Every structure is written in structure tokens, then in C-alpha cells.
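As C-alpha cells, the structure follows; a few thoughts come after it.
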Amino acid sequence: MVMNMKKTKAPLDWKNLSFEYNKTDCNIRYYWKDGKWSDGELVTDESVPLHMAAPCLHYGQEAFEGLKAFETKDGRAVVFRPVENSRRLQRSCERIFIPLISDEIFLDAVRRVVDANWKYLPPYGTGASMYIRPLVIGTGARVGLGPASEYLFVMFATPVGPYYKGGFKPVKALIVEEFDRAAPQGVGDCKVGGNYAAGLSGAQFGKDRGYPVVLYLDSREKRYIDEFSTSNFIAIRGNTYITPKSNSILPSITNDSLSVIARDLGMEVERRQVEASELASFDEVGAVGTAAVITPVNHIRFRERDYTFGDGENAGPAITRLYERLTRIQTGDYEDAHRWLYEVK
Ligand SMILES: Cc1ncc(COP(=O)(O)O)c(C=O)c1O
């Protein structure tokens with residue numbers, strides 16, 4: 001009998017994986033030189049050789065993405081909305097002068113990197129998933145400020161557990177006004193490395209005060225809610241799903257998907273400027289993103305005041321319904337009516 005190699009899994013403790021890098025067999029690389037991208041090449045090397053004068057090292061000419069693959073009950077590998085990540089990477093690249101990576105190249109990378117690391121795709125029902133991290137960097141030597149002459153596009157995949165310990169359990173957040181994450185006309189709406197380096201101080205500021213999550217207001221007026229450091233903000237008021245509209249937040253694919261699901265569930269959806277002064281009127285709050293999925297936020301501290309959402313202990317009913325519907329779609333347990341799953345065959 002021929003064994004199906006794809007079904008043989010690596011001996012990992014799937015239910016206790018953290019959201020960290022876990023070694024897999026290979027990653028895929030494409031090089032941009034002389035005006036075009038190379039054909040991708042699967043490599044086992046986990047390190048990237050770089051010239052010390054590469055612009056990604058000095059000037060942060062770097063963009064990245066994050067998406068997930070899941071195993072379905074019948075053993076298929078499905079990736080959640082990869083074309084959306086490809087389009088967002090294209091927008092990030094355009095903003096910082098990195099040559100376009102076509103959807104075709106992006107999907108080729110997704111397909112090949114998942115297929116080559118199939119044994120690390122967490123088994124259905126474990127709550128773990130395969131996190132896929134595409135990144136593109138400006139390489140080649142250059143000292144003066146300007147775009148690189150060469151680029152490297154890498155995609156790796158790694159099995160991960162929930163982003164916050166405990167998974168779908170409420171967390172406390174702090175609104176940080178001491179640091180800004182993104183400037184009004186900066187790159188807050190792009191997934192580029194510099195945003196995240198700029199967010200480290202704010203994140204540490206929150207952690208030092210006992211808040212695992214920090215929330216930013218708009219940098220210009222400190223009046224409107226922008227987003228959390230690694231996820232979008234959503235609030236539920238009555239039967240309405242409310243999420244900020246802002247030029248300096250990352251357009252989250254999870255948020256977009258949840259807005260569609262909210263409508264499917266008969267909710268109203270409002271995407272508009274959200275005043276921080278509205279906090280007291282919200283029934284439920286969540287942090288949404290690929291890594292966080294929806295993390296319920298039960299407390300927010302803002303200007304010496306504490307705001308509590310739901311019963312303060314458990315995830316509220318609307319966020320629970322949204323979470324369940326999204327995660328069931330992602331693992332193929334609910335009809336994929338919006339055609340969000342991309343199967344790797
Ligand atoms: C700053 C920021 N906001 C929001 C998100 C959520 O976006 P997505 O749902 O596409 O993962 C992320 C994660 O990618 C992020 O880094």
C-alpha cells in the first residue's frame with residue numbers, strides 16, 4: 001500500500017504551540033534583478049545573506065504580510081483570502097518603491113511553500129494553524145537614500161498557536177497617547193517594518209503597566225480611535241458592528257471578512273470615524289487580525305478612566321458569534337459562500 005506522505009504529520013505538540021517561529025523544512029525565494037523577478041526557488045536555509053549596505057537594513061525598505069493556512073476535516077489545505085494579502089503587499093510595495101510582485105508570483109509562493117511543508121500544517125481540530133509570512137527587502141549595496149537596485153522576496157510558513165495566551169479569552173487594553181504609531185500621511189496603512197519598530201515603545205509602555213494590548217488614537221487630534229498595535233478595532237453597540245475609518249490604519253482582511261459576516265448575521269455595519277468619547281456606549285470590543293482572529297477586549301483604560309465591556313469576564317455574544325462563524329469558514333466547516341478559501345492541491 002502506498003502511504004499518503006501528505007498525511008504524515010511532524011511530531012509536534014499541536015495543541016500547545018505558541019505564536020512563535022517553529023522550524024519547517026523550507027522556504028521559497030524570488031530575486032529581482034535586471035527588471036524582473038526570478039522563478040521561485042525552495043531552499044532549506046533559514047538565513048538570508050545580505051550586503052551590509054543593503055537599503056532594507058538602513059532605510060527600512062521592507063514590506064511584509066501575514067496570512068494563514070488551515071487543514072479541513074477532510075484533510076485539505078486551505079489558505080484564507082491570499083489574493084487580498086497579495087493586493088495589500090502590492091500597495092505597500094508601491095508606497096516604498098519596491099517592484100510589483102504579481103498575484104501570480106504571490107500565489108505560486110503560497111502554493112509551493114504550503115505544499116513543501118505539508119507535514120507542518122496543524123491537524124484539523126487542534127486550534128493551531130500554519131502562519132505564512134511573505135516579506136520583501138531591498139538588497140544590494142547602496143549608501144545614499146534611494147530605492148535598492150535588487151530585491152529579495154521570501155515566503156516562509158510556520159505552525160502557530162493562538163497569538164494571545166489562552167486564545168479566545170478577553171484581554172485588557174490601554175490607550176497610549178505618549179507614543180504615536182503612524183503619522184496622518186505616513187505609512188500606517190501599509191504593512192512595512194518601520195511601523196512596527198515605531199510601535200515597540202508603546203507596546204512596552206502598556207506591558208509595564210499590565211496591559212498586553214495597546215490602542216492608538218489618531219495622531220493629529222488624539223480624538224478618534226485608530227487601531228491596536230497589531231490588529232484593528234471593532235466595537236458592538238446593540239445590533240451594530242462599528243469599526244474606524246482612518247488613513248493611518250492597516251486595512252485588515254479579518255476586519256473586512258468580519259464586516260461581511262456581521263451583515264450575513266443580520267447586523268448593521270458602520271465604518272466611520274469613531275470618537276474615543278464613544279467608548280462608554282459600546283457593549284463589546286474586539287481586536288481583530290489574522291494572528292489575533294478576534295480577541296475580546298473587556299477593559300480599556302483611557303485618561304485615568306476604566307471602561308468595561310460585556311460582563312468584564314467573558315467574550316460577549318456578538319463577538320462570540322462572529323468568531324465562531326469566521327473560524328468555521330476558515331476550516332471549511334461552514335459554507336464558503338464568499339469564496340474566501342484558496343485550496344492548495
Ligand atoms: C497594525 C495591524 N493592524 C491590523 C492587522 C490585521 O490585519 P489582517 O486582518 O489583514 O491580518 C495587522 C496584522 O496584519 C496589523 O499588523
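The values are calculated or read from the model by the stated rules, or taken from the named source; none is laboratory data. All values reported here derive from a predicted model rather than from experimental measurement. Here the Cβ is made from the backbone with ideal geometry for all residues, glycine too, and neighbour counts use every protein chain on show. We work out accessible area using only protein heavy atoms, side chains counted, and drop any ligands, DNA or RNA first. Shrake-Rupley method; radii C 1.70, N 1.55, O 1.52, S 1.80 Å.
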Condition met for residue 64 (touching a residue at least 40 places away in the same chain (Cβ under 8 Å) and more than 30 Å from residue 330 (Cβ to Cβ)): no
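Residues checked against (1) over 30 Å from residue 98 (Cα atoms); (2) at pLDDT 95 or above:
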position	(1), (2)
15	yes, no
19	no, no
31	no, yes
48	no, yes
52	no, yes
62	no, yes
66	no, yes
69	no, yes
78	no, yes
Are any of the residues in segment 315-322 within 16 Å of the ligand (Cβ to nearest atom), touching a strand residue (DSSP E or B) at 6+ places or on another chain (Cβ under 8 Å) and over 28 Å from residue 184 (Cβ atoms)? yes
Looking at segment 21-43, can you tell me whether even one residue there is open to solvent by 40 Å² or more (accessible area, probe 1.4 Å), within 16 Å of the ligand (Cβ to nearest atom) and touching a strand residue (DSSP E or B) at 6+ places or on another chain (Cβ under 9 Å)? no
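Just a yes or no: is a residue in segment 70-82 farther than 22 Å from residue 345 by Cβ and crowded, with 17+ Cβ neighbours inside 10 Å? Even if it seems obvious, please write down each step before you answer.
Taking segment 70-82 and keeping what is farther than 22 Å from residue 345 by Cβ, we get none.
No, segment 70-82 contains no residue that is farther than 22 Å from residue 345 by Cβ and crowded, with 17+ Cβ neighbours inside 10 Å.
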Strands (runs of 3 or more DSSP E) contained entirely in segment 135-236, each with at least 2 residues that are within 17 Å of the chain's Cα centre (by Cα) and in the same structural domain as residue 111 (by TED's automatic domain parsing): 150-160
Within segment 270-280, is there a residue that is of a type in the set (Asp, Glu), in a strand (DSSP E or B) and modelled with pLDDT of 95 or more? yes
Flag for residue 161 being open to solvent by 10 Å² or more (accessible area, probe 1.4 Å) and of a type in the set (Gly, Ala, Ser): no
Quick count over segment 276-295, residues being surrounded by 14 or more Cβ atoms within 10 Å (Cβ to Cβ) and either in contact with a Phe, Trp or Tyr (Cβ under 7 Å, 6 or more places away or on another chain) or basic (Lys, Arg) (or both), is 12
Of the residues that make up segment 214-235, is at least one more than 22 Å from residue 81 (Cα to Cα), at pLDDT 95 or above, crowded, with 23+ Cβ neighbours inside 10 Å and among the hydroxyl-bearing types (Ser, Thr, Tyr)? yes
Restrict the check to segment 105-119 and report whether at least one residue is at pLDDT 95 or above and small (Gly, Ala, Ser). yes
Within segment 249-276, restricting attention to residues that are in contact (Cβ under 8 Å) with a residue 40 or more places away in the chain and of a type in the set (Ser, Thr, Tyr), which residue is farthest from the ligand (Cβ to nearest atom)? 257
Looking at segment 186-205, is at least one residue crowded, with 20+ Cβ neighbours inside 10 Å and more than 14 Å from the ligand (Cβ to nearest atom)? no
